[in-house]
Every structure is written in C-alpha cells, then in structure tokens.
Amino acid sequence: MLLAVIEAEEGALTAASAGAVARAHALAGEMDVPVAAVAFAAAGDLSTDLAKHGVSTAYVLEHELLGEYSPERWGEALAALIRQVEPGGVLAAASHRGNELMAQAAARTGLPLATNCLAVATGDPWTLTRQRVGGVLLEDAELRAPVKLVTLAPGGAEVVPPDPVDGEVELRRFEPPLDEGMAHTALVERTAGGESGVTLATARVVVSGGRGVGSAEGFAVLEELAGLVGGAVGCSRVATNNGWRPHSNQVGLTGTKIAPDLYIACGISGATQHWVGCMDAKTILAINTDDQAPMVTRAAYAVIGDVQEVLPAVIEEIKRRAGAG
C-alpha cells in the first residue's frame, strides 16, 4: 500500500495535494498496490473531494490533541499510523507543512526522507530526481528503506488524474497514542494579514513587481491587473526590503516558490534568488525597460517598456474586450 498525506483548504484538497494523490496512483500502478489517503480530522469531511480524485480509502487521524496544527503532535500521529499500517511508501506535497510533517514522521520512525522530488520511479531501490538549493541543482538519488518517505515538488512530470470513485469513500478512523505532556509547538496568536481570495502559492496567475515599479503606490496598477485576471500579487526581495510589500508577497528562494500558469514579472531584473522562486511557471511574461535583464532573456515573452505605461494599456484592453463580450 501507498499512503498519500493530504492538505485541505475550505473543505477541498489543495492543488498540490491533488497532484500528490495523482502521482501516488501512478506509482501504485507500477507496484500493483492500492492507495489510501491520510487526512487529519481537523480538516473536516473531505469524502466528496477525495472521491473526485480517485480515492476510495482514507485514514482519518483523530485525537483531542490534534486540533490546531502542531508539527510535533501531527508528526507523531503520522508516525504511529506508519508503524501500524507499514505501507510501502508515504507521499506528500512538498509544501511548507508537507515537508515539516514528513520530517517529523521520519525522525520519529527512523526512516529516511527524500524531499522536493520532481520524478520518482519505483523498484528496488526507488530512483529519484530531487530539487536542491532551491531548484538550482537537480540531484539523482536512490532511496532504500522498508517504508519510503517522499515529498513531491510542483513542476514534476505530468500524470493522468485517476478516475473519480463511485460510491462512498471508506473512512478508517485511527486514534494515535499521544502524550499530553509531549513538548510541542503551539499557536498562541493569529493575526489577519488583510488579504483574502486566491493565495500566492495557489494562484494560476501571479503579477509580481520589483524595483522598476518605483514605489508602494506603484503596485496599485499590479493589484488592478491581478484582480481582473483572478490572480495574486507578488514581489521581489527589493520591494520587500524597501517596505513596499510584506514578506508574505515575496517570490523567491527566501520567499514563496510558485508554479502558476502565467507569471507576469514587472520591473524585476531576475536575480537567481528570485528566478528560483518562479522558474516553475508554465509561461513567463517580463515587462522591463532593460532588454538585457536576466528575467527578460529567460522569459517566454517580453515587453520592453515602463511598467506604469504598459500595464494601464493592458488593463484598458482587458476592460474593452470584457465590455465588448
């Protein structure tokens, strides 16, 4: 059996978790073994969405200590399930939580963990291609263990999503033996970031700004464009360092790694740190006054010009076509 650890937002699998489930089904087909999802009761009832993604069986980890996310408690709960089920492998999305949770489980079971994998091939051993140094380096590796633990990076090989499951998902309740006295991280305060809607990590379109935007006020036109196309606004480290945007908006090695369908880089030179964060985008459009900027030379499409002149024209055209339609 293979286990696919899932994350959810608003009662549905995240895009990264849906991808991990699809990859798990593909690997299970190679091994001729079944796939089961692993969810935490705190995520709510995911039966309908799991069925959409071809999941017929799910282990639901529930315990009074598994309410608010705690990497130590959740990691020990996953480790307890691994000890009991003894699957051939456990896969999860290489998100911040996925990597953290799997690292906790690996440490508690004494099993090796391969993170940020783009390609996985089963066999003895499993062969892997991993992203290292934020994606600048690709590493070919082998994984030998009674239970293989792997997190899957976005941008890997496309797989065919499994067919939806007819009927109800079989939910297997599992209550791990957790000690209330276990040292653990706890959330003591939650502060709203003032943002709503699509997130930077999951947006299909990201409109990002750098030094060329000119000021915090200059991001208004980026926000307008993002709103029109249902996207999110990002930024480079320069914009964060200048106080124009919060760190949560930063795309890059020390910010958020993204893989949208379209990345619009406005006034961003494209230093390696930033490129690592956006290089998995399917299409990149660069807008810059410097036709030799690294982002321009790497982009699929480029417009040479001032952001504050180009974007208003783009916005006007979008509105014109929307009105004409």
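The values are calculated or read from the model by the stated rules, or taken from the named source; none is laboratory data. Since the structure is predicted, the reported quantities are computational estimates derived from the model, not experimental observations. Glycine gets a Cβ as well: all are built from the backbone with ideal geometry, and neighbour counts include every protein chain shown. Side chains included, ligands, DNA and RNA excluded: accessible areas come from the protein's heavy atoms. Shrake-Rupley method; radii C 1.70, N 1.55, O 1.52, S 1.80 Å.
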Report the residue count in the stretch 3-16 for those that are at pLDDT below 90 and closer than 16 Å to L149 by Cα. 0
Give all pairs with beta carbons closer than 7 Å in which a residue from the stretch 70-85 that is in contact (Cβ under 8 Å) with a residue 12 or more places away in the chain meets a residue that is basic (K, R) and part of a helix (DSSP H, G or I); count only pairs at least 6 apart in sequence or on separate chains. G75/R108; E76/R108; A79/R108
Taking the stated definitions as given, is N116 touching a residue at least 40 places away in the same chain (Cβ under 8 Å), over 17 Å from H184 (Cβ atoms) and open to solvent by 10 Å² or more (accessible area, probe 1.4 Å)? no
Selection within the stretch 201-215 - without any contact (Cβ under 8 Å) to a residue 60 or more places away in the chain and open to solvent by 20 Å² or more (accessible area, probe 1.4 Å): R204, V205, R211, S215
What tally of residues in the stretch 19-44 results from selecting those that are out of contact with any Leu (no Cβ under 9 Å at 6 or more places or on another chain) and either open to solvent by less than 20 Å² (accessible area, probe 1.4 Å) or not in a helix (DSSP H, G or I) (or both)? 3
Being open to solvent by less than 30 Å² (accessible area, probe 1.4 Å), among the small types (G, A, S) and either under 14 Å from the mean Cα position of the chain (by Cα) or modelled with pLDDT under 95 (or both) narrows G123, G134 down to just G134
Taking the stretch 272-291 and keeping residues without any contact (Cβ under 8 Å) to a residue 24 or more places away in the chain and under 24 Å from Q250 (Cβ atoms) leaves W275, K282, T283, I284, L285, A286, D290
Over the stretch 216-275, the set of residues surrounded by fewer than 17 Cβ atoms within 10 Å (Cβ to Cβ) and not in a helix (DSSP H, G or I) is A216, G230, N242, G243, P246, T254, D261
Flagged in the stretch 281-290 as open to solvent by less than 40 Å² (accessible area, probe 1.4 Å) and assigned to a loop (DSSP other than H, G, I, E, B), in numbering order, are A281
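Yes or no, residue by residue, for (1) out of contact with any Phe, Trp or Tyr (no Cβ under 8 Å at 6 or more places or on another chain); (2) small (G, A, S); (3) in contact (Cβ under 8 Å) with a residue 24 or more places away in the chain; (4) within 22 Å of L61 (Cα to Cα):
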site	(1), (2), (3), (4)
V120	no, no, yes, no
W126	yes, no, yes, no
V150	no, no, yes, yes
P154	yes, no, yes, no
P161	yes, no, yes, no
P176	yes, no, yes, yes
When (1) within 27 Å of A51 (Cα to Cα); (2) at pLDDT below 95; (3) surrounded by fewer than 19 Cβ atoms within 10 Å (Cβ to Cβ) are applied to E100, the one that fails is (2)
Only one of V307, V303, V296 is among the aliphatic types (A, V, I, L, M) and open to solvent by less than 10 Å² (accessible area, probe 1.4 Å); which? V307
Residues of the stretch 268-287 being more than 12 Å from A299 (Cβ to Cβ) and touching a strand residue (DSSP E or B) at 6+ places or on another chain (Cβ under 6 Å), which ones? G277
